[in-house]
Amino acid sequence: MMRRRTTLITGCTALVLALGATACGSGDPVSAGGGDKSLDGQTVTVAGVWSGSEQKNFQKVLDAFTEKTGAETQFVSTGDNVSTVVGSKIEGGNAPDVVMVPQVGVLKQFAEKGWLKPLDKDVESTVKANFAEVWRDYGTVDGTLYGLYFKAAHKSTVWYSPEALEQAGVTPPKTYDAMLEAGRTVSDSGLAAFSVAGQDGWTLTDWFENVYLSQAGPEKYDALAAHEIKWTDPTVVEALTTLGKLFKDKQLVEGGQKGALNTDFPGSVEKVFGPEAEAAMVYEGDFVAGVAKDQFGRTIGTDADFFPFPPVGDGEAPVVSGGDAAVVLKDGKNAEAGMALMEYLATPEAAAVWAEAGGFLSPNKELDLASYGDDVTRATAESLIDAGDSVRFDMSDQAPAAFGGTKGAGEWKILQDFLRDPSDPQKTAAALEAAAAKAYGN
């Protein structure tokens, strides 16, 4: 799952430092580096999982912050195990000032360990003005706001080859059953319907979450995410049954179950958008577009497009998201300058920098959609914003890592076993509950 710093700054001063705004009570502009409001000479260290193009584009945001405030920035790539790396840096007396946290569960873990500074009142006010309540809730632990969701993922998008669907004579479906029927029509035309990345267990959790959110509804989704209901609940069995009908249909899944279990996420995109197409559709998040474009030269909106994950049965269309939240560490050497960075990250101006660079969605509702570089990304972003508080965060990312985020274990492994043999949803639900109970400690 693709993931990533002194003076007390309060009131208007923080806003001035972060945004280069006019001084409080006067019309005189305060320039970055102006007098005692300057961050010149300070370095803000930011840690996160991002690498490659994501790190490069985030650096553009950090550079824009430097232009505004005079503060230098240093990005440290942690790899996927953010918790372990950050913990070791804190123990070694080398804590970063700001961490980009890719999972709700990790943010909660950091807060419970006492590692985080609450967002100050100015940052909190900006977040309240610019973000839907659901995003504030996911950044809050025990009533205190710690996290600012800067980058989001839209995980309710089904990507397809327009040419493949056109040749099969089908159009983007509006319901889950219609999607499967369209897939069978595609299969009859000689191309597999879906490329499924079963080698990466996290993709299977995303499949489950979309089906479950639509079929069981948001209240049940929230309860299951918090393990307030058991994974043996009838709604879980029902969702697994629905998903199993797809997994066991060799007409729908490219290579059948064995082929899916041997396909990783990049490979699943390649099977649809690579030089030798083997399937017409691949379900995953908006980041599919980046792989299709950057690795296979596809033009987004022309020979690679998406339709929203369709509603299941009588349910609503799901909108499942993920995201990276910025938090400030108490032990950072420039934690207060880090808070000024948080103020900047909360603005549409900061989001626009990465939006223009591409490969990015923002949950900031004040960001002008014109900032996005193509119509498809713009439509994806609009869908995410329009969902408002009905968005639900990736369930596995809310769980303890032992259950929802570990390769070869927990939910990832159990759903891979289910893909291999989807004949007994109740047995799979029982296995999920046993693993969840152990991880949650209840």
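The values are calculated or read from the model by the stated rules, or taken from the named source; none is laboratory data. A quick note: this is a predicted structure, and the numbers were derived from the prediction, not measured. Here the Cβ positions follow ideal geometry from the backbone for every residue, glycine too, while neighbour counts run over all protein chains shown.
From Gly338, Gly410, grab the single residue that is more than 30 Å from Lys248 (Cα to Cα) and in contact with a Gly (Cβ under 7 Å, 6 or more places away or on another chain). Working first, answer last.
On the way: Gly410 fails: more than 30 Å from Lys248 (Cα to Cα).
The match here is Gly338.
Out of Ala277, Ala304, Ala337, I need the residue that is over 25 Å from Tyr212 (Cβ atoms) and outside the structural domain of Gly201 (by TED's automatic domain parsing). Which one? Break it down into steps so the answer makes sense when it comes.
Working: Ala277 fails: outside the structural domain of Gly201 (by TED's automatic domain parsing); Ala304 fails: outside the structural domain of Gly201 (by TED's automatic domain parsing).
Of Ala277, Ala304, Ala337, the one residue that is over 25 Å from Tyr212 (Cβ atoms) and outside the structural domain of Gly201 (by TED's automatic domain parsing) is Ala337.
Please find, within the range 164-184, the residue that is farthest from Phe309 (Cα to Cα) out of those that are of a type in the set (Val, Ile, Thr) and surrounded by fewer than 19 Cβ atoms within 10 Å (Cβ to Cβ). Steps first, answer last, please.
Taking the range 164-184 first, the residues of a type in the set (Val, Ile, Thr) are 170-171, 175.
Restricting the remaining residues to those that are surrounded by fewer than 19 Cβ atoms within 10 Å (Cβ to Cβ) gives 171, 175.
Details: Thr171: 14, Thr175: 8 Å.
Checking each candidate, the answer is Thr171.
Go through the range 371-389 and report how many residues are more than 20 Å from Ala129 (Cβ to Cβ), surrounded by fewer than 20 Cβ atoms within 10 Å (Cβ to Cβ) and not charged (D, E, K, R).
From the range 371-389, those more than 20 Å from Ala129 (Cβ to Cβ) are 372-380, 383; that's our starting set.
The next check asks that each one be surrounded by fewer than 20 Cβ atoms within 10 Å (Cβ to Cβ); those that pass are 373-375, 378-379, 383.
Then keep just the ones that are not charged (D, E, K, R); that gives 373, 379, 383.
Matching residues across the range 371-389 total 3.
Among Gln74, Gln55, Gln59, which is modelled with pLDDT of 90 or more and within 24 Å of Asp120 (Cβ to Cβ)?
Details: Gln55 fails: within 24 Å of Asp120 (Cβ to Cβ); Gln59 fails: within 24 Å of Asp120 (Cβ to Cβ).
From the options Gln74, Gln55, Gln59, the qualifying one is Gln74.
Can you find a residue in the range 48-66 that is surrounded by 18 or more Cβ atoms within 10 Å (Cβ to Cβ) and in a strand (DSSP E or B)?
Yes - at least one qualifying residue is present in the range 48-66.
Only one residue in Ala317, Ala340, Ala352, Ala326 is touching a Phe, Trp or Tyr at 6+ places or on another chain (Cβ under 6 Å) and at pLDDT 95 or above. Which one? Steps first, answer last, please.
On the way: Ala317 fails: touching a Phe, Trp or Tyr at 6+ places or on another chain (Cβ under 6 Å); Ala340 fails: touching a Phe, Trp or Tyr at 6+ places or on another chain (Cβ under 6 Å); Ala352 fails: touching a Phe, Trp or Tyr at 6+ places or on another chain (Cβ under 6 Å).
Exactly one residue qualifies, and that residue is Ala326.
Does the range 89-109 include one or more residues that are charged (D, E, K, R), part of a loop (DSSP other than H, G, I, E, B) and out of contact with any strand residue (DSSP E or B) (no Cβ under 7 Å at 6 or more places or on another chain)? Lay out the reasoning, then the answer.
Taking the range 89-109 first, the residues charged (D, E, K, R) are 89, 91, 97, 108.
Pick out the ones that are also part of a loop (DSSP other than H, G, I, E, B) and you get 97.
Remaining after also requiring out of contact with any strand residue (DSSP E or B) (no Cβ under 7 Å at 6 or more places or on another chain): none.
No, the range 89-109 has no match at all.
Please pick out the residue among Lys427, Lys407 that is in the same structural domain as Asp249 (by TED's automatic domain parsing), surrounded by fewer than 19 Cβ atoms within 10 Å (Cβ to Cβ), under 29 Å from Ile229 (Cα atoms) and within 20 Å of the chain's Cα centre (by Cα).
Numbers: Lys427 fails: within 20 Å of the chain's Cα centre (by Cα).
Of Lys427, Lys407, the one residue that is in the same structural domain as Asp249 (by TED's automatic domain parsing), surrounded by fewer than 19 Cβ atoms within 10 Å (Cβ to Cβ), under 29 Å from Ile229 (Cα atoms) and within 20 Å of the chain's Cα centre (by Cα) is Lys407.
Within the range 67-103, which residues are of a type in the set (A, V, I, L, M) and either under 28 Å from Asp137 (Cβ atoms) or surrounded by 18 or more Cβ atoms within 10 Å (Cβ to Cβ) (or both)? First the steps, then the outcome.
Taking the range 67-103 and keeping what is of a type in the set (A, V, I, L, M), we get 71, 76, 82, 85-86, 90, 95, 98-101.
Hits for the range 67-103 are Ala71, Val82, Val85, Val86, Ile90, Ala95, Val98, Val99, Met100, Val101.
Output the residue which, of all residues in the range 172-224 that are β-branched (Val, Ile, Thr) and not in a helix (DSSP H, G or I), is nearest to Asn262 (Cα to Cα).
Kept after step one, since they are β-branched (Val, Ile, Thr), are these residues of the range 172-224: 175, 185-186, 196, 203, 205, 211.
Going one step further and asking which of them are not in a helix (DSSP H, G or I), we end up with 175, 196.
Details: Thr175: 28, Val196: 9 Å.
Across the range 172-224, the extreme among qualifying residues is Val196.
Being hydrophobic (A, V, I, L, M, F, W, C), touching a Gly at 6+ places or on another chain (Cβ under 9 Å) and either under 21 Å from Ser156 (Cα atoms) or not in a loop (DSSP other than H, G, I, E, B) (or both) narrows it down to one of Ala289, Ala239, so name that one. I'd like the intermediate steps shown before the answer.
Values: Ala239 fails: touching a Gly at 6+ places or on another chain (Cβ under 9 Å).
Exactly one of Ala289, Ala239 is hydrophobic (A, V, I, L, M, F, W, C), touching a Gly at 6+ places or on another chain (Cβ under 9 Å) and either under 21 Å from Ser156 (Cα atoms) or not in a loop (DSSP other than H, G, I, E, B) (or both), namely Ala289.
Going through the range 383-442 one residue at a time, which ones are on the phi > 0 side of the Ramachandran plot and modelled with pLDDT under 95?
Applying the first criterion (on the phi > 0 side of the Ramachandran plot) to the range 383-442 yields 388, 408, 410, 441.
Hits for the range 383-442 are Gly388, Gly408, Gly441.
Among the residues that make up the range 226-244, is at least one of them hydrophobic (A, V, I, L, M, F, W, C), crowded, with 17+ Cβ neighbours inside 10 Å and out of contact with any helix residue (DSSP H, G or I) (no Cβ under 6 Å at 6 or more places or on another chain)?
Scanning the range 226-244, I find no residue that is hydrophobic (A, V, I, L, M, F, W, C), crowded, with 17+ Cβ neighbours inside 10 Å and out of contact with any helix residue (DSSP H, G or I) (no Cβ under 6 Å at 6 or more places or on another chain), so the answer is no.
Could you tell me which of the residues Gln295, Gln251, Gln257 is closer than 19 Å to Leu180 by Cα and modelled with pLDDT under 95? Show your work before the answer.
Values: Gln295 fails: closer than 19 Å to Leu180 by Cα; Gln257 fails: modelled with pLDDT under 95.
From the options Gln295, Gln251, Gln257, the qualifying one is Gln251.
Find the residue count for the range 127-163, including only residues that are part of a helix (DSSP H, G or I) and either in contact with a strand residue (DSSP E or B) (Cβ under 7 Å, 6 or more places away or on another chain) or surrounded by 24 or more Cβ atoms within 10 Å (Cβ to Cβ) (or both). If you could, list the steps in order and put the result at the bottom.
Initially, the range 127-163 is screened for residues part of a helix (DSSP H, G or I), giving 127-130, 133-138, 162-163.
Those still in the list that are either in contact with a strand residue (DSSP E or B) (Cβ under 7 Å, 6 or more places away or on another chain) or surrounded by 24 or more Cβ atoms within 10 Å (Cβ to Cβ) (or both) too: 127, 130, 135-136, 138, 162.
Number satisfying all stated conditions: 6.
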